[in-house]
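The values are calculated or read from the model by the stated rules, or taken from the named source; none is laboratory data. All values reported here derive from a predicted model rather than from experimental measurement. Cβ atoms come from the backbone with ideal geometry, glycine included; neighbour counts cover every protein chain shown.
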Amino acid sequence: MRKAMSILFMFIIVIVSACSAPTGGQTSSNNPNNATALSEEGMPLDETKGGKKTVVVSMLAADDFYLQAKQKYEAQHPNTTIQFKEFPAEGATLNPAEVERYIKQISTEVLSGKGADLYAVSTIPLPIDKYVNKKAFVNLEELIKRDKTFDPNLYQMNIIENSRMNNGIYTLPLQFYMEALFGDAANIGNAGVTIDDKNWTWSEFAEISKKLADKGGHSVSLANWAPELLLNNLVSDNYPKLVNGQTASFDSAFFTDLLKQVKSLYDNNIIKSENVDSKKTNFTYSIITSPSDYLLRLGLYYSNGKIYQKPHSADQQSGVSFSVTRELAMNANSKVKGEAWNFMKFLMSEEIQSLTKENGISINKAVNDKAVQDLVKQGSVNNPKAGKALEASEENLQPFKEMVSEARLRDYGYNDEHNKLSAIITEEAKAFFTGQKTAEATAKLMQNRIMSYLNE
Amino acid sequence: MTNKRYWHKLIRLLRKDWAVAAFFLALSLIGFALFYLIPFAMGFLYSFQDRTVDGSFVGLDNYMALQASASFRKAASNTFLFTSISVPIIIALSLLFAHLLNQKLFARNWLQTAFVLPLVVPVASIVMIWQIFFDWNGTLNALLQSLHVERIDWMKSDWSMGVLIIVYIWKNIGYSIILFLAGLQNIPKDYYETADIEGAGKLHKWIHITLVYLTPTMFFVILISIINSFKVFRETYLIAGGYPHDRIYMLQHYMNNMFLSLDVQKLTAAAVLMVGCILVFVTGMLAIERRFRNFME
C-alpha cells in the first residue's frame, strides 16, 4: 500500500510540475519534404480537378485591387478560380485583440502547412522570418530564375532583391513606400554648403548641420524623431550587418559607435525628439507614396525643397529605404504552385498595377513611368495646403525616379511594437540616451537579450 | 422483481470498499486525465512528429533541434543552477525559523501568520513592488546612491539570479516552516528527556534525535521546494518579461516563448525532457527515503 501511495504521489508531483508549463497545443510546423513536381521547363506542375484549378489567397480583406485582379484573371483563364479567404472582422478597423487573433490564425495556418496557396501581407506585420525559418514558404528566387517569361527588366528589381531573407526571396513586393530626406535647398545653397548625398555619412551630416547652423541655416536639422526610433531605423538599415541567422553582433564596435553617434546628434541638438515646424529645420524625414505625393511633399515642407538620401552608416551603399505595403508569399505545400506563380506575375503586370495608385509606388517600372508622364502632361499638381499649384516637369520628377531605383534598404517594420528586437533595443536604449549607462554596457545588454531570442 | 434484484446487487456492490473507492476516485481521475494526463500524452507523441496535423514520425529530430538551441541549453542550466542554490537555502532558513517558532516566543502566533502571508498574497500585486524596488531607477538604487555607492542593475546582471532567489524564498518559506514545525512537534519529548538523563549535549541531541526524526518531513519539503523552484517563472515573467537578462532565462521562458511562436515540436520536446529529469530525480529521492525508513524500522 505504501509503495502504491508513493508511486501515485510521485506521479502527481511529476504531472503537476510538468503542467505548470504549457503543454499541448493545436499547431505545428511544416515539412519541406514535399518535393515539387517539375515540368520540363522547370516550372511546378499543378494538381487539377477535372481540368479546373483553384488558387486560394489568404488576406485580411480583399480590396478593389484584388477583386478586379480576380475578375480579370478568371476571364483570361477560364479553368482557374481565384478564391479569397478573408479574415472576419467586425468593424472597418481591427482592434488590438483582433490583430493578435489575426496573427495567431495566420501563423497556425502557415505552420500547419494546410493553409491557402498564397498569403497576401499588407498592413499588419506578420512574423514572416519565423515562417521562413520553418520553411513554410517557397523560395521565389528559383521560380524567377527558371521562368523564361519573367523579365526582370520590367520590374523594380532593387525592391525585390532587397527583400531577401535567409538567402532567398520569400516575399514578392507589389507596392511600396519610399523613405528619404527632404531638405531646405534654398537655405543650404545660401549657406554655401554642398551635399553629396550619395556618399554622406552621419558624421558628415553632423558637420554639415553645424556649418548650416553657423552660416544662417536652421539650428535644428531634423525634428520629431525620438532617439530610440532613429536607432531602430538605423538598425533596420544595417540589419544584415547586425543579425546573421542566429548570431547577432550588437556588442561590436560598429554598433557601439552607432549608439554614440545617435546620442551625440541629440546632445548637440542636431536632431530633436520634439516636434518642430518643418520650415524651421534643415531636413524632414518622410515617406513618399507616389510621384504626385513626392511633388506635394516637396512643396509642403519647404518653399524650395530638394530630396536627399538618408546619411549612410559606415560602408552602407544606399540611404533610401522602402517599406512594402503589399506583398505576396507562396505556401511551400501548395498543390497549384504553377498557377499561383502565374497569378503573382499577373498581379505584377502593368494591367493590374495601374488599377490602384493609393497603395504606393508600383513594382512595375512601366506603371511608374506612366504615372510620371501623366503628371508632366497634366503640367501641375494642386496643393491645397501650400495654396499654390506645383509645376510638374520631367526635370522636377527626375530626382524621384533616381531615388526609386536607389531604394535598397528594406524597412522590415523593425519599428513596430510587435517586434521583439526593436522592443528590446528601445527598452535598453533609454538608460543610454539619458546618460545613465555607457554605450558598451547598453550594447552588451541588448546583445545578451537578443541572443536569447535568436537562439530559441 | 428484477428492479429489486438490481437494487440489491448495487447495495452489495457499494458495501465493498474498493467499489466505493473507485467511484469517488473516478470523478477526480476523469478530470485529472482530461486536463493533465491526456494532453501530456499527446504532447509526448507530438514531440516525435514533425507537425501536429498529419505529422509523420521523425524520431529524435525535435530533440536534436532542441539540443542545438543555445537558448535551451542556457535555460536548462539556469533552471538547474537556480534550483541547486535556492533549495538548500530555503531548507536551511525554514528549519532555522521552525526551531525559533517552536520555542516559547513573544508574539509567536503573529509571526507564524506573517510567514504564511506571502502564500496568499496575489503575485501580480507583489511583483509591482519588487519591480519598483529593483529597477535601474528603483528604490534600492536610489538608496545606494544616497549612500554614495555605485548603483547596480539588479535585474540585468548576474545579480538578477540573487533577486529571484530572494523572491522565491520570501514566497515559499512560510509553507516549509509550517511543515517543519509540524515535523518538530511530532518528535516524542521522551527521546529528549532520555538524552538529557544520559547527559547528551545540545548539538548531539539535534543531530541524533531532531534531524533523524525530521528526515521524512525533510524529504517532503525538499520535493515541494524543488517543484516550487520551477514555478518561480511566474514571478520572473511578471518582473522581467519574456526575454529577460540571460542569467534568469529559465526553461519555462523557453517553453512559453515556443508556445507563443507556435513551435509545438520544440515545446513538447522540452516539456518531455523536463518531466523526464524530474521523474528520475523524484524516483531517486523516493528510493533513498524508502531505504531510510527501512533503516529506521
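Taking the criterion of being surrounded by fewer than 20 Cβ atoms within 10 Å (Cβ to Cβ) and either among the acidic types (D, E) or outside any loop (DSSP other than H, G, I, E, B) (or both), the residues of the stretch B:51-75 that qualify are B:D54, B:F57, B:D61, B:Y63, B:M64, B:A65, B:Q67, B:A68, B:A70, B:R73. Of everything in the stretch B:238-256, what is surrounded by fewer than 18 Cβ atoms within 10 Å (Cβ to Cβ) and either of a type in the set (G, A, S) or at the interface with chain A (Cβ under 8 Å from one of its Cβ atoms) (or both)? Give them in sequence order. Once the filter is applied, which keeps residues that are surrounded by fewer than 18 Cβ atoms within 10 Å (Cβ to Cβ) and either of a type in the set (G, A, S) or at the interface with chain A (Cβ under 8 Å from one of its Cβ atoms) (or both), the stretch B:238-256 yields B:G241, B:G242, B:N256. Of the residues making up the stretch B:257-273, those that are surrounded by fewer than 22 Cβ atoms within 10 Å (Cβ to Cβ), at the interface with chain A (Cβ under 7 Å from one of its Cβ atoms) and in a helix (DSSP H, G or I) number 2. Of all residues in the stretch B:215-259, those satisfying the criterion of being without any contact (Cβ under 8 Å) to a residue 60 or more places away in the chain and either in contact with a Cys (Cβ under 7 Å, 6 or more places away or on another chain) or not polar (S, T, N, Q) (or both) are B:F220, B:I224, B:I227, B:K231, B:F233, B:Y237, B:G241, B:G242, B:Y243, B:M255, B:M258, B:F259. With respect to the stated conditions, A:I128 fails to be in contact with a His (Cβ under 9 Å, 6 or more places away or on another chain) and within 13 Å of chain B (Cβ to nearest Cβ). Of the helices (runs of 4 or more DSSP H) lying entirely inside the stretch A:71-153, those containing at least 3 residues that are at pLDDT 90 or above and assigned by TED's automatic domain parsing to the domain that holds A:S349 span A:140-146.
Of the numbered conditions (1) more than 25 Å from A:N162 (Cα to Cα); (2) surrounded by fewer than 23 Cβ atoms within 10 Å (Cβ to Cβ); (3) touching a residue at least 12 places away in the same chain (Cβ under 8 Å), A:S249 fails exactly one; give the number of that condition. For A:S249, the exception is condition (1). For the condition farther than 21 Å from B:Q252 by Cα, under 24 Å from the mean Cα position of the chain (by Cα), more than 8 Å from every other protein chain (Cβ to nearest Cβ) and in a helix (DSSP H, G or I), B:A33 qualifies. For the stretch B:158-179, indicate whether the set of residues that are closer than 30 Å to A:K437 by Cβ and among the acidic types (D, E) is non-empty. Checking the stretch B:158-179: at least one residue is closer than 30 Å to A:K437 by Cβ and among the acidic types (D, E).
Residue-wise test of (1) of a type in the set (S, T, Y); (2) out of contact with any Asp or Glu (no Cβ under 6 Å at 6 or more places or on another chain); (3) assigned to a helix (DSSP H, G or I); (4) over 20 Å from B:Y249 (Cα atoms).
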| site | (1), (2), (3), (4) |
| --- | --- |
| B:V116 | no, yes, yes, yes |
| B:I132 | no, yes, yes, yes |
| B:L143 | no, yes, yes, yes |
| B:H148 | no, yes, no, yes |
| B:L164 | no, yes, yes, no |
| B:A182 | no, yes, yes, yes |
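Residues in the stretch A:180-188 include at least one that is in contact with a Ser or Thr (Cβ under 9 Å, 6 or more places away or on another chain), in a strand (DSSP E or B), acidic (D, E) and assigned by TED's automatic domain parsing to the domain that holds A:N448. The number of residues in the stretch A:343-367 that are in a loop (DSSP other than H, G, I, E, B) and at negative phi comes to 8.
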